[in-house]
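> The structure under discussion is supplied below as structure tokens; questions concerning it will follow.
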Amino acid sequence: MWSLIIITLSLATIEQFGSEALVVGTNCTLAPKGNPKFPKDFSFGVSTSAYQIEGAWNADGKGLSIWDEYTHNHSERITDGSNGDDAAKSYYNFDLDLKALKDLKVNHYRFSIAWTRIFPSGETVSRNQKGIDYYNKVIDKLLANGIEPMVTMYHWDLPVEIQKFGGFANSLIIQQFLQYAEELFKLFGDRVKTWITFNEPNMICKPGYGIASSPPLVKAPGVGDYMCFTNLLKAHGATYRLYRSKYFEKQRGKVGITLDTGFVFSKLNKTDDLARAMQYKLGMLAHPIYSKSGDFPSIMLSEIKKNSQVEGRKQPRLSSLGGYWTDIIRGSADFLGINYYTSRYIERPAKAIGENPSMERDYGFEDIFDPNWQRAKSNWLYCVPEGLERLLKYIRDEFNNVEVKITENGWSDGGELNDDNSVRYYKSHVQAVLNAINDGCNVSSYSAWSLIDNFEWNKGYTEKFGLYSVNMKSPKRERTPKKSAIYYKKIIKSRSVPNEDEV
Ligand code: NOJ
């Protein structure tokens, strides 16, 4: 009996991770498999976020966010010393963005709302009508042009006034976020039917509350980051429940969350290591929401408990969500948003790595890249399209084929208009999505990152992800389509994966 179960389990693992000794990422290409066309109702779009494109950081009553404060106080931490004060000025130039969206003929546009633009102090009593007017204008113009708005509620720009209470390190954030989210449902829910609560919790919690490389610069690795994840998941779950109980009946929209993850490969084909690595990479946030049993992955809870005991702690650094919250969070999403950029090989290092304690130490693997992989301008971004296809199949098998929206995928370079590498990246990654759909994966949409060149966080304006270049020297910030825009337009028009030499 036991041996039977073990055999079935390892077969499932082999199915998910593949049994061959893998060579991936060759030439940044991917062979097509199956039907060359996307399903009729598949939605193509592009993504942006408020701080990265809007500018107008203190215009018309907007309050301060942690990214305003951080870039002003720590310009030395930004590669080119820049900030998002003006960025692409989308707050003043939405019509230029709309023109690009219409030109591409996208089906949807994913953008985020700057919390401080509509509630300057974060609290909903501090309502700012001009900010509300701005987002009403954006939503109405999109709809008037047949473009579906997909709205991210939180893309990293927490109000400074909320940070004063501890931000995501304090469970108060659950109520603070819930009140904000409820106002968004009331203000825009008649027209917005796709809501994403949080963009990339990993990038909120690890740099923000673990290694302190981004605001709010709390350095508490292996402790603060886990606190942040726990509070964020609760805020997400509570928001979903609120929508379903109070707004869904009238508004009929969907609420989800966007998680970022790569996929993992093993040169030694160690499938158990791969399964464990994916629990740490994706499972930590996906398991509580999308698995049947809920809560953090049991392997993480038990390993981190053990590590915490060895460190002499009375409490584990990561605890179970408990019965009440497990129930609230389990099933609290209508879709899973995925930001996919790249993948890694994993290896077990000879000695423990990372600070003690830290998430890196708990995870225990070394993530490595293949020097033959094509690299973007961003030093972490390599072209591994197989990773996206595998990831989608992994999600299909692990989370009951939940609806997946690819909410970001894209490539950085120095801003050239002839961005051939970007075209190649899009070609292979859109192919990966199509292959996965042909293999039964429930993927309903794809969003390229990004519509326009924008403020790339700690890298300032030195790494460009846009389909459209932005003239940063001109006060008007004119947008110019790059080769990748022309190629993506062809993808949308043909609903297939055209050859790159067609552009
Ligand atoms: C994901 C983030 O959501 C986005 O803000 C960022 O610009 C891209 N990754 C590229 O790094």
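> Given N residues in segment 218-320, what is Rg(Cα) / (2.2 N^0.38 Å)?
Details: Rg = 16.5 Å, N = 103, 2.2 N^0.38 = 12.8 Å.
Ratio of Rg to 2.2 N^0.38 Å for segment 218-320: 1.29.
> Rounded, prolate or oblate: pick one for segment 377-503, where a ≥ b ≥ c are the square roots of the eigenvalues of its C-alpha gyration tensor, a/c under 1.5 means rounded, and failing that, prolate if a/b is larger than b/c, else oblate.
prolate
> Given only helices, namely DSSP H runs of n ≥ 4 each adding -39500 (n - 2.57), what is the per-residue ellipticity at 222 nm of the chain, to the nearest 500 deg cm²/dmol?
-12000 deg cm²/dmol
> Then there is this: Between GLN175 and SER474, how many nm apart are label points set 7 Å from Cα along the C-beta direction?
Taking the simple label geometry, GLN175 and SER474 are separated by 5.1 nm.
> Specify the inter-centroid distance of segment 69-93 and segment 167-202, based on alpha-carbon positions, in whole Å.
First find each Cα centre; the distance between them is then 24 Å.
> Next question. Considering only the other residues whose Cβ falls under 14 Å of the Cβ of ALA352, what net charge follows from Lys and Arg at +1 and Asp and Glu at -1?
Working: positive: LYS306, ARG348, LYS351, ARG361; negative: GLU303, GLU311, GLU347, GLU355, GLU360, ASP362, GLU366.
Charge balance near ALA352 sits at -3.
> Shape of segment 165-265 from its Cα gyration tensor (a ≥ b ≥ c, root eigenvalues): rounded if a/c is under 1.5, otherwise prolate when a/b > b/c, or oblate?
prolate
> In terms of the Cα gyration tensor, with a ≥ b ≥ c the square roots of its eigenvalues, is segment 282-418 rounded because a/c is under 1.5, prolate because a/b exceeds b/c, or oblate?
In terms of gyration-tensor shape, oblate.
> Here is a further query. Under a plain spin-label model, where a point goes 7 Å from the Cα along Cα-to-Cβ, how far apart in nm are LYS40 and ASP190?
If labels sit at LYS40 and ASP190, their model points lie 3.1 nm apart.
> Just to verify a number: FRET efficiency for SER126 and SER496, C-beta to C-beta distance, R0 = 56 Å, to 0.05?
E between SER126 and SER496, to the nearest 0.05, is 0.70.
> Using DSSP loop states and a limit of at most 14 other Cβ atoms within 10 Å to flag chymotrypsin sites (Phe, Trp or Tyr not before Pro), what is the longest stretch of the chain containing no flagged site?
The answer is 166-379.
> As an exercise, use a Förster radius of 35 Å and the Cβ-Cβ distance of LEU143 and ASP420 to find the FRET efficiency, rounded to the nearest 0.05.
0.50
> Which distance in nm do the two modelled labels at SER213 and HIS74 give, with both placed 7 Å along the Cα-to-Cβ direction?
If labels sit at SER213 and HIS74, their model points lie 1.2 nm apart.
> Quick one: of LYS164/LYS281; LYS130/LYS489; LYS254/LYS292, which pairs are farther than 27 Å apart, Cα to Cα?
Cα-Cα > 27 Å for LYS164/LYS281; LYS130/LYS489; rest within.
> For LYS102, what charge total do you get from the other residues with a beta carbon under 14 Å from its beta carbon, if Lys and Arg give +1 and Asp and Glu give -1?
That sum, taken over residues with Cβ under 14 Å, equals +2.
> Which log10 I(q)/I(0) values, to two decimals, does segment 17-106 give at q = 0.24, 0.25 Å⁻¹ under the Debye formula with one point per Cα?
-1.22, -1.27
> Could you let me know the centre-to-centre spacing of segment 437-503 and segment 307-382, using Cα atoms, in angstrom?
With segment 437-503 and segment 307-382 each reduced to a Cα centre, they are spaced 28 Å.
> Still on this structure: Taking Cα pairs under 8 Å and at least six residues apart, what relative contact order does the chain come out at, in percent?
Details: 1018 pairs, mean separation 97.9, N = 503.
Computed value for the chain: 19 percent relative contact order.
> Ok, one more. Local charge sum around TYR394 (other residues, Cβ-Cβ under 11 Å, Lys/Arg +1, Asp/Glu -1)?
0
> Quick one: Cα convex hull volume of the chain, Å³ per residue?
Details: hull volume 76.8 nm³, N = 503.
With only Cα atoms used, the chain gives 153 Å³ per residue.
> So in the chain, which Cys have no other cysteine's beta-carbon sitting under 4.7 angstrom from theirs?
CYS441
> Which values of log₁₀ I(q)/I(0), to two decimal places, follow from the Debye formula for segment 114-163 at q = 0.29, 0.32 Å⁻¹ with a uniform point scatterer at every Cα?
Ignoring solvent entirely, the Cα scatterers give -1.06, -1.15.
Bear in mind these aren't lab numbers, they're just calculated from the coordinates by the rules spelled out. Everything numeric here is computed off the predicted structure, so don't read it as measured data. When we count neighbours, we look across all protein chains shown, and the Cβ atoms used for this are built from the backbone with ideal geometry, even at glycine.
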